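Please treat every number below as a calculation from the coordinates, not as lab data. Note that the structure is a prediction, hence the values are computed from the model and not measured. Using ideal geometry, Cβ is built from the backbone for each residue, glycine included, and neighbour counts are taken over all protein chains shown.
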C-alpha cells in the first residue's frame, strides 16, 4: 500500500508489483498512433496542398496534445496524462510534422548555422530544466500512481459509513493488483 507521502521508490515498487503490463503503455500509444495516423493522412493529404494540410494537422495536434495534458492533470494521480494517447501524441506528431515538405523548407530557409544554434538553445533549455527541477518531487515530473492502491481517508460524516465499514476483501491485495492491470 502506498500513501501520498511515500517515496518514489515505494511508488514504483508498488506499481511494478501490481501492474503487470504497465511497461507497455508507450507501445500502446505508438500502436494507436500508427493505426489512426494513416487513416487521417488519407483524408487530409489530398490535392495540391497535401503537404501543407498534413503539416497543419500535425502541428495542430502537437499543440492540442500538451494543452490536454495541462488541462487533464490531476496532482494526485498523473497516470491519465502520462499514459494517455491524446496527451502523449505530441512527440509523435512533432516527428510527423518534421517529415513534411513545409517543415523541411522552413528549416532550409533558416540555414544550417541558425538551425544549429537553435538546437544548442533547445539542448541548453532542457539542461537548465533538468538542473532547476526540484528533484523527483517536482510537480512537473511524473509522480506515479498511488491512488488506485490506497484506501480512501476515513469519513467524518455520520451519513457515510466510510471505508472501515466495507469488508476487508474490498481492500485485499489481490483486488488492488487486479484493478490497475
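Multiplying the sequence separation of residue 104 and residue 35 by 0.36 nm and subtracting their Cα-Cα distance, what value in nm do you get? Please report the intermediate quantities before stating the final value.
Details: separation 69, 0.36 × 69 = 24.84 nm, distance 2.48 nm.
Result for the pair: 22.4 nm of gain on full extension.
Spin-label point model (7 Å from Cα, Cβ direction): what's the residue 25 to residue 120 distance in nm?
It works out to 3.7 nm between the two label points.
Can you give the FRET efficiency to the nearest 0.05 for residue 130 and residue 46, using r as the Cβ-Cβ distance and R₀ = 30 Å? Kindly include the intermediate steps, with their values, before the conclusion.
Details: r = 43 Å, r/R0 = 1.42.
The formula returns an efficiency of 0.10 here.
What percentages make up the Cα-Cα pair-distance distribution of segment 25-99 when the bins are 5 Å wide from 0?
With 5 Å bins starting at 0, P(r) equals 3, 17, 23, 24, 16, 9, 5, 2, 1, 0.
Work out, step by step, the length gained on full extension between residue 86 and residue 72: first 0.36 nm times the residue separation, then minus their alpha carbon distance; give nm to one decimal. Can you show the working numbers first?
Working: separation 14, 0.36 × 14 = 5.04 nm, distance 1.06 nm.
My answer for the length gained is 4.0 nm.
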